[in-house]
Structure formats: C-alpha cells, structure tokens
Amino acid sequence: MKISKALTKALIIIMIVLTILILQSQTTTTTSGRTVRVSSSYVEPKSDIIYYKGSIVVTIEADKVGLKTEEMYVKKINNKWRIVEVPVKGEFTFDGGDAIADKMTYDMDLRNGTMNGAIVNIMDDQSKEKIKIVADVLNYDLANDLYSGTKKGGVIITKGKITAVADNFKYDKKKGELVLIGAVAITDDEKGLKMTASEAIIYTEKNDMKAKDTNIEIKLD
C-alpha cells in the first residue's frame, strides 16, 4: 500500500512537470539562414502555420528585432517560414527604434510590414533626436530605413521642439528627409513659427524646411 501511494505521488509530480514544460513552449525557426527564437505559454505547430498564445517573446538577433505580445501566427510562404501576424497589441523593437501597435505584420524575408494603431519612436541618424510618430496605419521597411503612414485627423509627429500634423507622411531615415502631405500644420518653437501648408519637407539634420501653399505665423520677441 505504501508503494502504491509513492508511485501515485511520483506520477503526479511527473504530470505536473510535463504540464509546465508544455505550457512554457519554446520554438526555434530558421528563415533565410537566420534564426528566430520564440518562447510562449502555448504553441500549436502545423505544416504551414504556427500558432502561439500567452507571454510571447520573439527574438531575431540578425535583424536586431524583438517582439512581445499575447497572440501570434507565423506562416509559411513558398515553403519558407516568412510572415508574422500579430492580431493583438504588441511591443516591437528594432534597430534604432521601438513601437507599440494594436496589431501588426512582419515579413521576415523582406524585413518590412504594417502596423495599425501605432506609436513609433525612431532615433534620427542625422540629428540624433528621437522622432515620435502616431499613426492609424504605418508601413515600415527596416531593410531600407523607410517609413510611411496615415491617420484620420492627421498623423502626429514630434521631433525636438517641432510638432507636425499631416494626412500622410514619408520618412527616409538614411537621407534624413521627412515629407508631409495634405493638411500640413507645423509648430517650431525653436524658430518661433507656426505654418500650414499643402506639402512640406523637413530636413532632419538641422530641421530646415521647404513647403508649398503656406500660411506662416512668426512670433516676435
């Protein structure tokens, strides 16, 4: 009888350990010669899609990319693990920036994707200032350092003492050019001016600007 109780306890302990191991799932996926490491509370791998749920942490060291979220799909395209889809809020980090988005996609092959309901911070290489972007839809291309997006009521962009609002924006990080299109409104506290325009370009190194169809208000000391 004592042996039976001991065996029962041992089996219970083994079952608990196995349950913990299953719940604390870890997977490693290789794409284009790069390694993707994922830990999560639950994983459901199939031939062409892997579903993750709970306490998800993703690392792609070669791309300097990281992701934290609660639900995620990784899908195969042409027999390659390639597309990451996050249908819930997630925290995304990348070389020189970070973001919080309501949902997002990431193409691990092309290193680009789309964020919805995004707040993005990017360190501008030219000025060494942080650029903060709030957009409904934000497209990003990490391979080429290109960003663009839209927002109902205007994309909101802040950089140092500059605040800008526009229907659409395009940001070329390598060139240091921020293009604003449609219902543009810029406030530059350092220059002491407010400006509206149909289009504007901000050269990020020194915050020099060009604009079309402008109305300017200059603050005099």
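The values are calculated or read from the model by the stated rules, or taken from the named source; none is laboratory data. What you are looking at is a predicted structure, and each value in this text was computed from that prediction instead of being measured. Cβ atoms come from the backbone with ideal geometry, glycine included; neighbour counts cover every protein chain shown.
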Only residues in the stretch 55-68 that are closer than 12 Å to residue 108 by Cα and outside the structural domain of residue 37 (by TED's automatic domain parsing) count as the first member; pair them with residues that are at pLDDT below 95 and crowded, with 20+ Cβ neighbours inside 10 Å, Cβ under 6 angstrom, at least 6 apart or cross-chain, and list the lot. none
For residues in the stretch 42-75 being farther than 21 Å from residue 101 by Cα and among the small types (Gly, Ala, Ser), which is surrounded by the most Cβ atoms within 10 Å (Cβ to Cβ)? 62
Looking only at the stretch 200-216, which residues are within 26 Å of the chain's Cα centre (by Cα) and either hydrophobic (A, V, I, L, M, F, W, C) or closer than 17 Å to residue 154 by Cα (or both)? 200, 201, 202
Are there any pairs with C-beta distances below 6 angstrom linking a residue in the stretch 172-201 that is under 16 Å from residue 162 (Cα atoms) and not assigned by TED's automatic domain parsing to the domain that holds residue 144 to a residue that is exposed (fewer than 15 other Cβ atoms within 10 Å of the Cβ) and among the small types (Gly, Ala, Ser), with the two at least 6 apart or on different chains, and if so which? none
Restricting to the stretch 72-90, give me the number of residues that are under 12 Å from the mean Cα position of the chain (by Cα) and not in a strand (DSSP E or B). 1
Residues that are more than 23 Å from residue 140 (Cα to Cα) and among the basic types (Lys, Arg), drawn from the stretch 154-212: 161, 191, 194, 206, 210, 212
Selection status of residue 208, within 30 Å of residue 81 (Cβ to Cβ), free of Cβ contacts under 8 Å to residues at least 40 places away in the same chain and of a type in the set (Asp, Glu): no
